[in-house]
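The values are calculated or read from the model by the stated rules, or taken from the named source; none is laboratory data. Everything numeric here is computed off the predicted structure, so don't read it as measured data. Here Cβ is always computed from backbone atoms with ideal geometry, including for glycine, and neighbour counts include all displayed protein chains.
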């Protein structure tokens with residue numbers, strides 16, 4: 001069954017493609033398989049789950065440069081989004097735990113104070 005994207009998602013794929021090409025050209029990174037169709041699956045999977053996908057492309061490209069990678073691909077960005085969802089979930093769990101400690105028993109509040117310092 002083929003993936004069917006909404007017009008908004010199609011537009012986002014095209015914008016991500018152009019943004020990736022421009023950003024890679026700016027920093028001297030090769031951009032392979034970065035046509036809009038290569039971003040369809042990533043947009044389909046992570047639309048609404050990853051906020052600010054253009055900014056995440058910049059972070060992914062920065063990560064590539066920091067690791068000495070020479071090529072940026074839409075697949076690499078898809079893997080980045082997968083990790084981003086995982087990182088966001090872990091951060092949310094950590095924040096929920098800290099909120100629980102902050103408003104809990106005296107022992108939990110003391111534990112919260114210890115962790116924050």
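Kindly evaluate residue 39 against the criterion of being touching a strand residue (DSSP E or B) at 6+ places or on another chain (Cβ under 6 Å), surrounded by 15 or more Cβ atoms within 10 Å (Cβ to Cβ), at pLDDT 90 or above and within 24 Å of residue 17 (Cα to Cα).
So residue 39 fails the test.
Quick check on the range 85-117: of everything there that is in contact with a helix residue (DSSP H, G or I) (Cβ under 6 Å, 6 or more places away or on another chain) and touching a residue at least 12 places away in the same chain (Cβ under 8 Å), which residue is farthest from residue 43 (Cα to Cα)?
My answer is 112.
For residue 1, all conditions in the list (1) farther than 22 Å from residue 64 by Cα; (2) touching a strand residue (DSSP E or B) at 6+ places or on another chain (Cβ under 9 Å) hold save one; what is the number of the exception?
Every condition holds for residue 1 apart from (2).
Could you say which residue among 31, 60 is over 28 Å from residue 89 (Cβ atoms), in contact with a helix residue (DSSP H, G or I) (Cβ under 6 Å, 6 or more places away or on another chain), surrounded by 14 or more Cβ atoms within 10 Å (Cβ to Cβ) and touching a residue at least 12 places away in the same chain (Cβ under 8 Å)?
31
Search the range 15-28 for residues being touching a residue at least 24 places away in the same chain (Cβ under 8 Å) and surrounded by fewer than 17 Cβ atoms within 10 Å (Cβ to Cβ), and hand back the single one that is farthest from residue 49 (Cα to Cα).
My answer is 27.
Yes or no, residue by residue, for (1) within 24 Å of residue 32 (Cβ to Cβ); (2) surrounded by fewer than 13 Cβ atoms within 10 Å (Cβ to Cβ):
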| position | (1), (2) |
| --- | --- |
| 67 | yes, yes |
| 72 | yes, no |
| 80 | yes, no |
| 87 | no, yes |
| 91 | no, yes |
| 102 | no, no |
| 114 | no, yes |
| 117 | no, yes |
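Run down 52, 68 and say which single residue is at pLDDT below 95 and over 22 Å from residue 4 (Cα atoms).
68
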